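One structure is given below, encoded as C-alpha cells.
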Amino acid sequence: MSMEQQGKLDLWLLGSMTGLIVFGLMAIYSATNGAGETVLFYRQLAWGCIGAVVMLFVYFNDYRFIRDNSYIFYVIGVILLVAVLVFGKKIAGQTSWVRIGFFSFQPSEIAKMTTILALARFLSDDETDIRSIPHLAIALAIPIFPAMLVMLQPDMGTTLTFLSFIAPMIIMAGFNFYLLLLLAIPVMLMLSGFFNLFFIFGLALLLFVLLVYMKKKVHFHQFAVTSAGLAVALLTHRFAAEILKPHQMKRIQTFLDPMSDPQGAGYNALQAKIAISSGGLFGKGFLEGTQTQLRFIPAQWTDFIFCVIAEELGFIGSALLTGFFLVLILRFISIVFSIKNRFVELTFAGYAALLMVHVVINIGMTLGLIPVIGVPLPFVSYGGSSLLGNMIMVALGLNFVRNRRNIGY
C-alpha cells in the first residue's frame, strides 16, 4: 500500500482518548493515595501500556483481518464469558473476574467489543435482510446470548450496556424505526414497573403520544400495544420484590429516596453529591479533596470516580472531561458518515452508542439521576479489561481512518 493511499493519523481520536486516560490515571492516583491501594494506579498504568502495544498491532494490521475474523472474536468472547462462570472470582457478590497471575480480568468488557464486531459483520453481509424475521432473530440473538451469560454472573449494569447498541445498529441496517419503537414499548414499560406508579403512567402516556405523533392518528395496534405494556408494568410493579434481588430493590428505593437509607444503600450516592457540589468552579486542587482523601466514598476509583474529578478539579475539570468524551463520540459518529463502508458504519454506530450509554449512566448515577447499577466510566474508572477493550476500539477507528481510501469489502 502506497503512502498516497493511506490516510493520516486521526489526532481527534488519539488526542481525546489520551486526555481521558490521563484524567483517569490522575483520579485513580488521588483516590488511592494514602489508602494502601496505590498498587491499583500502577496496575492501571500497566494496562495502559499493554493497551498501547495492542493498539499498535491493531493499527498496523490489515483492515480486512478485523471483519473477516469477527465471528471468531465473538466466539472467543463467549467462551471467556462461560469460563468466568465456571472459574471466575467472586467480588461483591458477582462472578465477573478471572484471575490471571497478578491481574484480574473481566471478560464481559472485551465481549462487548467482540459482540459489536460480530453484529456489524452479520448486518453488513449482502445476504442479510434485517426486515425478515429469521435474520432479525439472528441479529437479536448475537448480543442477547452474551448478555444472558453476563446476567448469570449476575451483573445487571453490564447486561444493560450489552443491549444499548442493538437499536442503533439494526436501524442503520434498515429496520423500521417505528416498528422497533412499537416492539420496545412493552419492554420499556416492564422496566418502569420497578419504579413508582406515577413514573409508569407517565411513561405510558409519553410513548402513546409518540406513537400518535408518528402516525398522526390513533390505530388499534398502538392502543393495544401501549395497553399491554401498561398491564405488564403494573404486574412488574406488583411483584417487583419477587423478581429482583434484595440489593437491587434497595438500589431502586434509595434512588427514589436516598434518605431512606443514608448510612446503607444510599450512602454512596449522597456522598458523591456532596463531593461534586463542594468542588465549585475550579475544585479544591489535586490531592486536596476532602471527600476523596478522607475516603467518604468506598472504592471511589471505580464507578464513582467522576466525583473525585469534580471535587478536586471542579466544574472546569469536569467540563474538560466531558468535552473529551463528546469529541470522541462525535468523531466516531463522523466516521460512520464519512467512510462509506457498511461494516465500518455499523461498527462505530454501535460503539458510539455503547460509549454514550456508559458515560450517561455513570455520570448520571453519581449525580443521583440514575439508579446505581455499577457501570464504569470508560478510559477513566479503574479496570484494565475495560481500558483495554476501549483502547482496541479506538485503534480500530484509527485503522479504518488510515485505510479509508481503500476500504471496500
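With Phe348, Phe286 as the choices, which residue is in a helix (DSSP H, G or I) and hydrophobic (A, V, I, L, M, F, W, C)?
Answer to the selection: Phe348.
Just the residues that are of a type in the set (Gly, Ala, Ser) and at pLDDT below 90, please, taken from the range 138-172.
Gly157, Ser164, Ala167
Hey, any hits in the range 104-125 for a residue that's at pLDDT 90 or above, outside any helix (DSSP H, G or I) and surrounded by fewer than 20 Cβ atoms within 10 Å (Cβ to Cβ)?
Yes, the range 104-125 contains at least one residue that is at pLDDT 90 or above, outside any helix (DSSP H, G or I) and surrounded by fewer than 20 Cβ atoms within 10 Å (Cβ to Cβ).
Could you please find all residues in the range 360-380 being surrounded by fewer than 23 Cβ atoms within 10 Å (Cβ to Cβ) and at pLDDT 90 or above?
Val360, Ile363
Would you check if there is a residue in the range 121-141 being within 19 Å of the chain's Cα centre (by Cα) and touching a residue at least 40 places away in the same chain (Cβ under 8 Å)?
no
On the given criteria, is Lys340 at pLDDT below 80 and within 30 Å of Leu119 (Cβ to Cβ)?
no
I'd like to verify a number: residues in the range 44-57 that are under 22 Å from the mean Cα position of the chain (by Cα) and in contact (Cβ under 8 Å) with a residue 24 or more places away in the chain, how many?
Residues flagged as under 22 Å from the mean Cα position of the chain (by Cα) and in contact (Cβ under 8 Å) with a residue 24 or more places away in the chain within the range 44-57 amount to 8.
Among the numbered conditions (1) assigned to a helix (DSSP H, G or I); (2) in contact (Cβ under 8 Å) with a residue 24 or more places away in the chain; (3) over 24 Å from Ile50 (Cβ atoms), tell me where Gly368 comes up short.
Here Gly368 clears every test but (1).
Can you pull out the residues in the range 150-165 that are surrounded by fewer than 22 Cβ atoms within 10 Å (Cβ to Cβ) and hydrophobic (A, V, I, L, M, F, W, C)?
Met151, Leu152, Met156, Leu160, Leu163
Determine which single condition Ile130 fails, assuming it passes every other condition in (1) assigned to a helix (DSSP H, G or I); (2) in contact with a Gly (Cβ under 6 Å, 6 or more places away or on another chain); (3) modelled with pLDDT under 90.
Every listed condition holds for Ile130 apart from (1).
Can you say whether Gly383 is touching a residue at least 24 places away in the same chain (Cβ under 8 Å), on the phi > 0 side of the Ramachandran plot and crowded, with 21+ Cβ neighbours inside 10 Å, as far as the supplied structure shows?
Answer is yes for this residue.
Is it the case that Ser124 is out of contact with any Phe, Trp or Tyr (no Cβ under 8 Å at 6 or more places or on another chain), farther than 20 Å from Met188 by Cα and not β-branched (Val, Ile, Thr)?
On the way: out of contact with any Phe, Trp or Tyr (no Cβ under 8 Å at 6 or more places or on another chain): no; farther than 20 Å from Met188 by Cα: yes; not β-branched (Val, Ile, Thr): yes.
When the stated conditions are applied, Ser124 does not pass them.
The values are calculated or read from the model by the stated rules, or taken from the named source; none is laboratory data. These numbers were taken from a predicted model, which means no experiment stands behind them. Using ideal geometry, Cβ is built from the backbone for each residue, glycine included, and neighbour counts are taken over all protein chains shown.
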